[in-house]
Amino acid sequence: MKLEAKAETLKDIVKVLWAVADEVNLAFTAKGVKVKAVDTSHVCMVELDAKASAFDAYESGDTDISLALERFNDAIKLAEKGEAITLEFDQEKKKLHIRYGNIHRWMGVLGDTIADPKVPKLDFVGEATVKVASLLKAGQACAMITDAISFTISKDGLAFEGDGDTDRVEGTIDLAENGLKCDKQASSIFPLDYMASLVKQVGAEEATLELGDEWPMRLEFAIGEHIKAAYILAPR
């Protein structure tokens with residue numbers, strides 16, 4: 001496996017994955033890189049699909065590499081925006097050669113390949129293309145009085161609500177034009193600490209939020225033009 005990518009591309013990928021897991025398996029195929037990971041509490045999952053076109057150069061070798069994200073992040077954090085980073089895996093030595101500028105680092109990978117978690121089959125009632133800034137603000141408003149947020153999707157839009165011991169807050173989430181697909185109403189409650197942590201990693205202005213009735217939520221977003229990611233969060 002060998003690839004070259006801009007520093008910000010790799011850093012964005014690490015940021016999205018690290019919000020869920022400390023260790024992940026990267027599956028390199030001819031079409032690109034796929035990652036599926038779950039947090040230790042099995043409350044949330046992340047899926048990431050980076051097409052080969054997301055990288056400046058790409059040779060897959062159909063390789064699986066499991067690594068610790070903190071160590072990988074340390075290895076690339078000195079690279080500046082726009083700087084090219086080359087990754088090359090030595091299958092025999094089980095080392096990932098990372099180089100940029102005049103820096104070379106050989107990083108040991110995990111001895112055992114991390115198995116991909118099973119992605120649950122989810123039957124959502126509706127989906128909304130949300131403004132991420134509005135979603136963040138809703139979480140902040142609820143966090144002032146409680147540790148959970150409730151979402152209700154219906155043909156009228158996407159609403160949120162937070163109930164504390166003495167106070168209550170509610171409102172609506174800003175949507176993209178024609179960004180609502182829903183035939184019947186559904187509501188679910190989610191832990192705010194998890195939701196806020198995940199939404200903060202969404203670098204896009206818009207994301208697709210899928211909901212069901214007392215059901216997990218799925219938040220899908222793009223990283224540039226050639227990478228898609230999604231978080232799945234279990235209801236409280």
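Of the strands (runs of 3 or more DSSP E) lying entirely inside the range 96-193, those containing at least 3 residues that are under 24 Å from the mean Cα position of the chain (by Cα) are 126-131, 148-154, 157-163, 175-182, 186-191. All conditions but one from (1) within 19 Å of the chain's Cα centre (by Cα); (2) part of a strand (DSSP E or B); (3) surrounded by fewer than 21 Cβ atoms within 10 Å (Cβ to Cβ); (4) of a type outside the set (A, V, I, L, M, F, W, C) apply to Tyr231; the one that does not is (3). Is it fair to say Glu206 is of a type outside the set (A, V, I, L, M), open to solvent by 60 Å² or more (accessible area, probe 1.4 Å) and at positive phi? No, not satisfied. Is it true that Leu158 is out of contact with any strand residue (DSSP E or B) (no Cβ under 6 Å at 6 or more places or on another chain), over 17 Å from Lys15 (Cα atoms) and in contact (Cβ under 8 Å) with a residue 12 or more places away in the chain? When the stated conditions are applied, Leu158 does not pass them. Listed by first and then second residue, the pairs with beta-carbon distance under 7 Å, at least 6 apart or on different chains, first residue in the range 163-180 and hydroxyl-bearing (Ser, Thr, Tyr), second modelled with pLDDT of 95 or more and not in a loop (DSSP other than H, G, I, E, B), are Thr172/Gly157; Thr172/Leu158; Thr172/Ala159. Would you check which residues across the range 66-95 are more than 23 Å from the chain's Cα centre (by Cα) and among the charged types (D, E, K, R) and list them? Those that are more than 23 Å from the chain's Cα centre (by Cα) and among the charged types (D, E, K, R): Glu83, Glu88, Asp90, Glu92, Lys93, Lys94, Lys95. Can you spot a residue in the range 54-62 that is assigned to a strand (DSSP E or B), in contact with a His (Cβ under 9 Å, 6 or more places away or on another chain) and touching a residue at least 40 places away in the same chain (Cβ under 8 Å)? No, because not a single residue in the range 54-62 is assigned to a strand (DSSP E or B), in contact with a His (Cβ under 9 Å, 6 or more places away or on another chain) and touching a residue at least 40 places away in the same chain (Cβ under 8 Å). The residue pairs whose first member lies in the range 21-42 and is among the charged types (D, E, K, R), whose second member is open to solvent by 50 Å² or more (accessible area, probe 1.4 Å) and not in a strand (DSSP E or B), and whose beta carbons are closer than 7 Å, counting only pairs six or more residues apart or on different chains, are Asp22/Glu70; Glu23/Ile114; Lys36/Asp116.
Checking Gly139, Gly224 one by one, the residue that is open to solvent by less than 50 Å² (accessible area, probe 1.4 Å) and among the small types (Gly, Ala, Ser) is Gly139 and no other. Checking each residue in the range 1-37 for being open to solvent by less than 60 Å² (accessible area, probe 1.4 Å), among the small types (Gly, Ala, Ser) and not in a helix (DSSP H, G or I) picks out Ala5, Ala19, Ala21, Ala27, Gly32, Ala37.
The values are calculated or read from the model by the stated rules, or taken from the named source; none is laboratory data. A quick note: this is a predicted structure, and the numbers were derived from the prediction, not measured. Every residue, glycine as well, gets a Cβ built from its backbone with ideal geometry; the counts of neighbours run over all protein chains shown. Calculation scope for accessible area: heavy atoms of the full protein, side chains included, ligands and nucleic acids excluded. Shrake-Rupley method; radii C 1.70, N 1.55, O 1.52, S 1.80 Å.
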